[in-house]
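Colleague: One structure coming up, written as structure tokens, with questions to follow.
The values are calculated or read from the model by the stated rules, or taken from the named source; none is laboratory data. Note that the coordinates shown come from a computational prediction; the quantities given were computed from them, not determined experimentally. So basically every Cβ, Gly included, is an ideal-geometry build from the backbone, and we count neighbours across all protein chains shown. Ligands, DNA and RNA are stripped out before the accessible areas are found, and what is left, the full protein with its side chains, is counted by its heavy atoms. Shrake-Rupley method; radii C 1.70, N 1.55, O 1.52, S 1.80 Å.
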Amino acid sequence: MNILVAGGDGFCGWPTALYLSKQGHDVSIIDNMFRRKWDEELHSNSLTPIATLEERVAKWKELTGKEIRTYDGDLNHYDFLREVLKREKPDAFVHFAEQRAAPYSMIDREHAVFTQVNNVAGTLNVLYGIKEIVPDCHLIKLGTMGEYGTPNIPIEEGYIEIEHKGRKDVLPFPKQPGSFYHLSKVHDSHNIMFACKIWGVRATDLNQGVVYGLHTDETELDPVLVNRLDYDGIFGTALNRFIIQTAIGHDMTVYGKGGQTRGFLNIKDTVRCIEIAAENPADQGEFRVFNQFTEEFSVLDLAKMVQNAAEKEGLSANIAHLENPRVELEEHFFQAENTKLRDLGLEPNLLTEDVLRGILRSVFDHKDRVIKENVLTNVTWK
Ligand code: NAD
Ligand code: USQ
């Protein structure tokens, strides 16, 4: 298949582009390098030293003979997007290209507005581009488990059957997101669902949980192919942050009680889930939702698991309960369905002690790059 990966320079997009290329797909990348600019804005960095996108794809070609074409541009420049779609005529459009950090969206009004314009308008452009130029193209859109929030009932995959006043219907599962970023994903979902209904677009919304790890088989082939890894208080995510904090001897930063429970998955499963979605496309006009995570953990459980793994590596790790900068439930019910991707062949890489120790060792190699002032967050929801 011809597969276009938007956001292909990022944490999920880069390993996905490599994996799809290795599987024999004809891959191209769109990215406007915003993520690298946000590092400059925040005086932060990836824990791993990352090569430029040009160096990355050149190394991939040198090692495998496979070409990945790159387009440096913004989904919100519609003329640019239209030209790429005309040139590539993709069978699948994998859409990772959004501002994805909840804390970044909560810095202030400007960052909230930027996040929603970038994400919601970007996706709307993609929908118009597909309608206008490649109506058969399958949109594979990265959503988030956080669209659902933490309701006191089990979370279904996208839809729920409701009986109300004697009548029944299957309706979108209620959304109660917890940041202006997570809200942007809800707005995207509504726009995509509507485009499927009125124009017959085919789309899969992958409501992904928190991704951990950094390596895939492909990114490990050469240091130039290494994936980015975020640890700072704005872009770093729970488990990866705890592992990196432990590597540098910092307390693990559990916010509040730590009973916040989320879905998690290894980056190796992210790339496989995209392949599964691409190879099993939605029908024309169908808006399909898969919950993309493999296991559920509370953040305190994760911190304890990291603590045990660290001890085996000869490190001591301390868990700190910081005042929670977010407004969220710290003790709650959480149970979410995640059978659809497994039914299509996903075999999860589960979070074992060996996996944790492996990530810890990879992180250890780069621990001197950590900018210590960036480990704690200074963004609050209030
Ligand atoms: P990332 O920030 O590392 O990568 C996103 C990439 O998209 C960056 O390279 C950035 O430069 C690019 N980009 C952003 N806006 C763009 C635009 N308007 N035009 C072109 N390129 C643009 O993020 P990630 O962690 O790889 O996440 C990828 C997607 O997966 C996001 O949509 C995110 O919401 C979703 N997701 C991520 C996680 C996670 O734990 N990382 C979990 C669930 C869902
Ligand atoms: N948390 C801590 N300590 C930390 C960091 C986070 O206790 O140092 C807690 C948060 O308060 C929250 C939970 O861990 O309760 C998850 O936070 P996170 O920063 O790991 O993840 P989140 O902000 O939800 O965002 C990340 C990605 C986002 C994706 C989302 C998936 O950045 O792109 O959409 O995970 S999900 O959480 O399922 O919505």
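Colleague: For the range 126-184, how many residues meet the condition of being under 22 Å from the mean Cα position of the chain (by Cα), away from ligand 2 (no atom under 14 Å from the Cβ) and over 27 Å from E275 (Cβ atoms)?
Modeller: Residues in the range 126-184 being under 22 Å from the mean Cα position of the chain (by Cα), away from ligand 2 (no atom under 14 Å from the Cβ) and over 27 Å from E275 (Cβ atoms): 1 in total.
Colleague: Filter the range 286-297 for residues that are more than 16 Å from ligand 1 (Cβ to nearest atom) and in contact with a Phe, Trp or Tyr (Cβ under 8 Å, 6 or more places away or on another chain) and give the result. Full working, then the answer.
Modeller: Taking the range 286-297 as the starting set, the residues that turn out to be more than 16 Å from ligand 1 (Cβ to nearest atom) are 286-288.
The answer is none; no residue qualifies.
Colleague: Any chance you could count how many residues in the range 330-345 are farther than 14 Å from E275 by Cα and open to solvent by less than 50 Å² (accessible area, probe 1.4 Å)?
Modeller: 5
Colleague: What are the residues in the range 161-177 that are surrounded by fewer than 16 Cβ atoms within 10 Å (Cβ to Cβ) and either hydrophobic (A, V, I, L, M, F, W, C) or in a loop (DSSP other than H, G, I, E, B) (or both), if any?
Modeller: I162, K165, G166, V170, L171, P174, Q176
Colleague: Another question, if that's okay. Mind listing just one residue for me: the one in the range 32-48 that is within 16 Å of ligand 2 (Cβ to nearest atom) and buried (at least 21 other Cβ atoms within 10 Å of the Cβ) and, of those, nearest to the chain's Cα centre (by Cα)? Outline the logic, then answer.
Modeller: Of the range 32-48, the ones within 16 Å of ligand 2 (Cβ to nearest atom) are 34-35, 38-39, 42, 44, 46-47.
This time we only want the ones that are buried (at least 21 other Cβ atoms within 10 Å of the Cβ), so: 35, 46-47.
Working: R35: 13, S46: 16, L47: 17 Å.
Selected residue: R35.
Colleague: Then there is this: Cβ-Cβ distance below 7 Å, separation of 6 or more or different chains: which pairs start in the range 254-268 with a residue that is farther than 16 Å from E328 by Cβ and open to solvent by less than 20 Å² (accessible area, probe 1.4 Å) and end on one that is near ligand 2 (Cβ under 6 Å from one of its atoms) and part of a loop (DSSP other than H, G, I, E, B)?
Modeller: Close Cβ pairs satisfying both conditions: F264/G209; L265/G209.
Colleague: Moving on. Would you list the strands (runs of 3 or more DSSP E) that sit entirely within the range 178-258 and hold 3 or more residues that are touching a helix residue (DSSP H, G or I) at 6+ places or on another chain (Cβ under 6 Å) and farther than 22 Å from Y148 by Cα?
Modeller: Working: elements: 202-208, 210-212, 252-255.
Where strands (runs of 3 or more DSSP E) fall fully within the range 178-258, none carries at least 3 residues being touching a helix residue (DSSP H, G or I) at 6+ places or on another chain (Cβ under 6 Å) and farther than 22 Å from Y148 by Cα.
Colleague: While we're on this one: Return only the number of the condition from (1) within 15 Å of ligand 1 (Cβ to nearest atom); (2) part of a helix (DSSP H, G or I) that L75 does not satisfy.
Modeller: Unmet condition: (2).
Colleague: Take the conditions open to solvent by 10 Å² or more (accessible area, probe 1.4 Å), in contact with a Ser or Thr (Cβ under 9 Å, 6 or more places away or on another chain), of a type in the set (A, V, I, L, M) and within 24 Å of A102 (Cβ to Cβ) and apply them to V306. Does it pass?
Modeller: For V306, the condition - open to solvent by 10 Å² or more (accessible area, probe 1.4 Å), in contact with a Ser or Thr (Cβ under 9 Å, 6 or more places away or on another chain), of a type in the set (A, V, I, L, M) and within 24 Å of A102 (Cβ to Cβ) - is not met.
Colleague: Determine whether P15 is open to solvent by less than 20 Å² (accessible area, probe 1.4 Å), at pLDDT 95 or above and not hydroxyl-bearing (S, T, Y).
Modeller: So P15 passes the test.
Colleague: For the range 77-86, name all the residues that are surrounded by fewer than 19 Cβ atoms within 10 Å (Cβ to Cβ) and either in contact (Cβ under 8 Å) with a residue 60 or more places away in the chain or farther than 18 Å from H138 by Cβ (or both).
Modeller: Going through the range 77-86, the residues surrounded by fewer than 19 Cβ atoms within 10 Å (Cβ to Cβ) turn out to be 77-80, 82-83, 86.
Within the range 77-86, H77, Y78, D79, F80, R82, E83 qualify.
Colleague: Let me ask you something else. Looking at G24, G7, G13, G65, which one is within 9 Å of ligand 1 (Cβ to nearest atom) and at positive phi?
Modeller: G7
Colleague: Name every residue in the range 296-347 that is more than 12 Å from ligand 2 (Cβ to nearest atom), among the charged types (D, E, K, R) and either part of a loop (DSSP other than H, G, I, E, B) or under 23 Å from the mean Cα position of the chain (by Cα) (or both), in order of residue number. Quick ask: steps written out before the conclusion?
Modeller: Filtering the range 296-347 down to residues more than 12 Å from ligand 2 (Cβ to nearest atom) leaves 304-305, 307-318, 333, 335, 337, 339-347.
Okay, now just the ones that are also among the charged types (D, E, K, R), so 304, 311-313, 337, 340, 342-343, 347.
E313, E337, K340, R342, D343, E347 - these are the residues of the range 296-347 that are more than 12 Å from ligand 2 (Cβ to nearest atom), among the charged types (D, E, K, R) and either part of a loop (DSSP other than H, G, I, E, B) or under 23 Å from the mean Cα position of the chain (by Cα) (or both).
Colleague: Got at least one residue in the range 358-370 being in contact with a Cys (Cβ under 8 Å, 6 or more places away or on another chain) and either within 24 Å of R272 (Cα to Cα) or open to solvent by less than 40 Å² (accessible area, probe 1.4 Å) (or both)?
Modeller: No - not one qualifying residue is present in the range 358-370.
Colleague: So which pairs qualify, if the first residue must be in the range 219-231 and within 22 Å of H43 (Cβ to Cβ) and away from ligand 2 (no atom under 16 Å from the Cβ), the second must be among the small types (G, A, S) and at pLDDT 95 or above, the Cβ gap must be under 9 Å, and the two must be at least 6 apart or on different chains?
Modeller: V226/S46; V226/A51
Colleague: If you scan the range 92-116, which residues turn out to be open to solvent by 20 Å² or more (accessible area, probe 1.4 Å) and either touching a strand residue (DSSP E or B) at 6+ places or on another chain (Cβ under 7 Å) or within 9 Å of ligand 1 (Cβ to nearest atom) (or both)?
Modeller: F96, A97, R100
Colleague: Which condition number in (1) closer than 22 Å to V126 by Cα; (2) among the basic types (K, R); (3) surrounded by fewer than 16 Cβ atoms within 10 Å (Cβ to Cβ) is the one that K61 fails?
Modeller: All conditions pass for K61, except number (1).
Colleague: Being in contact (Cβ under 8 Å) with a residue 60 or more places away in the chain and more than 16 Å from ligand 1 (Cβ to nearest atom) is the filter here, so list the residues in the range 335-346 that pass it.
Modeller: Q335, E337, T339, K340, L344, G345
Colleague: Just one of (1) over 28 Å from D365 (Cβ atoms); (2) assigned to a helix (DSSP H, G or I); (3) of a type in the set (A, V, I, L, M, F, W, C) trips up I30, so point out which.
Modeller: (2)
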